[in-house]
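K.L.:
Just dropping this structure here.
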Amino acid sequence: LKTIVNALLRASKMMFDVILLTIFCLMVFAMFGLQLYLGTLRHKCVLEVKGYNENDALMSYDEYYSAWIRSPENWYVDNNDEVPVCGNITGAGLCPIGYLCLPDVGDNPRNGFLSFDNFGWALLSSFQLITLDYWEDIYNKILKANRPWDIVYFIVTIFFGAFYLINLILAVVSTSYEEEAVSAVKEKEREKKESARKKHNAMYDVSYLQMKAKLQAAAAIIQSGSDEIDVNTSAVDGLRIMIPGEEMNETFMPTQFRRVTPEVNNICLLFVLGLFLELSKLEKV
């Protein structure tokens, strides 16, 4: 979950750019649709006007004609109980015999929701196309009301919008997730190396303190020595010298010695003090 959240946060900037590009292209598609298909989806097959008698008419022919074509009872209904669209140009859908294809009659299909009559509805219809949400209904109705070459509009909108822009968003998220996964692996490796380094330093510090304590003990023994010094094993314990990661069993000093001459005493003292000074320098560094 942490990787997914970080991937989404990483992709936010690129996602913002892709969304802006998608909105811009969607507006372009909507503007083209508005110019090409304004009012075409309100073409309907209307029954030919009949039954008007000028002598008995209570209204003029224009009023009678207007009321006739706007009455849903006079519209052609197909087998699916839908009012199909039609067109008056070559290649458009034709009306049955006895019906006329008239423009600007009634509302647009789907209770007025499928429309290119203004920019807002055109934007909504274009969005439906690029998301492939029942897009074939728009396609069939537009081709019925217009020429067959209008298929070019749908090819450009669907292929560029649905197959490029939408997949571009998915590609941004996928790329960000892969980058976050690689970063997580590198972070684990870095933490592992840091843990190993701390463990190594801790071992070195312990070994250093042990060696320092034993050298101090040796220096104290030599400084307090006389012509004859009796040192037991519990005081020095062999003076083992520890190095990081290893243990040397070499005896820095004998665990017991019976007699130390002043010359040997001074030499040992100088040697131990020299080592102690070197360790002090290393500690300061």
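The values are calculated or read from the model by the stated rules, or taken from the named source; none is laboratory data. These numbers were taken from a predicted model, which means no experiment stands behind them. So basically every Cβ, Gly included, is an ideal-geometry build from the backbone, and we count neighbours across all protein chains shown.
Residue-wise test of (1) of a type in the set (Val, Ile, Thr); (2) part of a loop (DSSP other than H, G, I, E, B); (3) at pLDDT below 85.
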| residue | (1), (2), (3) |
| --- | --- |
| Asn53 | no, yes, yes |
| Leu58 | no, yes, yes |
| Ser66 | no, no, no |
| Val77 | yes, yes, no |
| Asp81 | no, yes, no |
| Gly87 | no, yes, no |
| Thr90 | yes, yes, no |
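K.L.:
Just one of the numbered conditions (1) in contact (Cβ under 8 Å) with a residue 40 or more places away in the chain; (2) over 31 Å from the mean Cα position of the chain (by Cα) is not true of Asp137; which one?
P.N.:
Checking Asp137 against (1) in contact (Cβ under 8 Å) with a residue 40 or more places away in the chain; (2) over 31 Å from the mean Cα position of the chain (by Cα), the one that fails is (1).
K.L.:
Taking the criterion of being in the same structural domain as Ile23 (by TED's automatic domain parsing), within 21 Å of Thr22 (Cα to Cα) and loosely packed, with under 11 Cβ neighbours inside 10 Å, would at least one residue in the stretch 173-188 satisfy it?
P.N.:
Within the stretch 173-188 (the criterion being in the same structural domain as Ile23 (by TED's automatic domain parsing), within 21 Å of Thr22 (Cα to Cα) and loosely packed, with under 11 Cβ neighbours inside 10 Å), the answer is no, since none of the residues qualifies.
K.L.:
Do we find a residue being assigned to a helix (DSSP H, G or I) and either of a type in the set (Ser, Thr, Tyr) or under 18 Å from Tyr153 (Cβ atoms) (or both) anywhere in the stretch 100-119? Spell out the reasoning first.
P.N.:
Filtering the stretch 100-119 down to residues assigned to a helix (DSSP H, G or I) leaves 119.
Still in the running and either of a type in the set (Ser, Thr, Tyr) or under 18 Å from Tyr153 (Cβ atoms) (or both): 119.
Among the residues of the stretch 100-119, at least one is assigned to a helix (DSSP H, G or I) and either of a type in the set (Ser, Thr, Tyr) or under 18 Å from Tyr153 (Cβ atoms) (or both), which makes the answer yes.
K.L.:
Taking the condition of being of a type in the set (S, T, N, Q) and in contact with a strand residue (DSSP E or B) (Cβ under 6 Å, 6 or more places away or on another chain), how many residues in the stretch 81-101 meet it?
P.N.:
As a first pass, look at the stretch 81-101 and keep what is of a type in the set (S, T, N, Q): 88, 90.
Still in the list and also in contact with a strand residue (DSSP E or B) (Cβ under 6 Å, 6 or more places away or on another chain): 88.
Within the stretch 81-101, residues that are of a type in the set (S, T, N, Q) and in contact with a strand residue (DSSP E or B) (Cβ under 6 Å, 6 or more places away or on another chain) number 1.
K.L.:
Mind telling me which of the residues Gly106, Gly120 ends up being modelled with pLDDT under 90 and small (Gly, Ala, Ser)? Walk me through it before giving the result.
P.N.:
Working: Gly120 fails: modelled with pLDDT under 90.
Going through Gly106, Gly120 in turn, just one is modelled with pLDDT under 90 and small (Gly, Ala, Ser): Gly106.
K.L.:
For the stretch 5-47: of the residues being among the aliphatic types (A, V, I, L, M) and not in a helix (DSSP H, G or I), which is surrounded by the most Cβ atoms within 10 Å (Cβ to Cβ)? Even if it seems obvious, please write down each step before you answer.
P.N.:
Taking the stretch 5-47 and keeping what is among the aliphatic types (A, V, I, L, M), we get 5, 7-9, 11, 14-15, 18-21, 23, 26-28, 30-31, 34, 36, 38, 41, 46-47.
This time we only want the ones that are not in a helix (DSSP H, G or I), so: 38, 46-47.
Numbers: Leu38: 14, Val46: 21, Leu47: 17.
Looking at residues that are among the aliphatic types (A, V, I, L, M) and not in a helix (DSSP H, G or I), I get Val46.
K.L.:
Counting only residues that are crowded, with 18+ Cβ neighbours inside 10 Å and of a type in the set (Val, Ile, Thr), which one in the stretch 140-157 is farthest from the chain's Cα centre (by Cα)?
P.N.:
Ile142
K.L.:
Before we move on, is Asn88 within 30 Å of Phe127 (Cβ to Cβ) and over 48 Å from the mean Cα position of the chain (by Cα)?
P.N.:
yes
K.L.:
Please pick out the residue among Val18, Val46, Val85 that is in contact with a helix residue (DSSP H, G or I) (Cβ under 8 Å, 6 or more places away or on another chain) and more than 24 Å from Asp117 (Cα to Cα).
P.N.:
On the way: Val46 fails: more than 24 Å from Asp117 (Cα to Cα); Val85 fails: more than 24 Å from Asp117 (Cα to Cα).
Just a single option satisfies the conditions, and that option is Val18.
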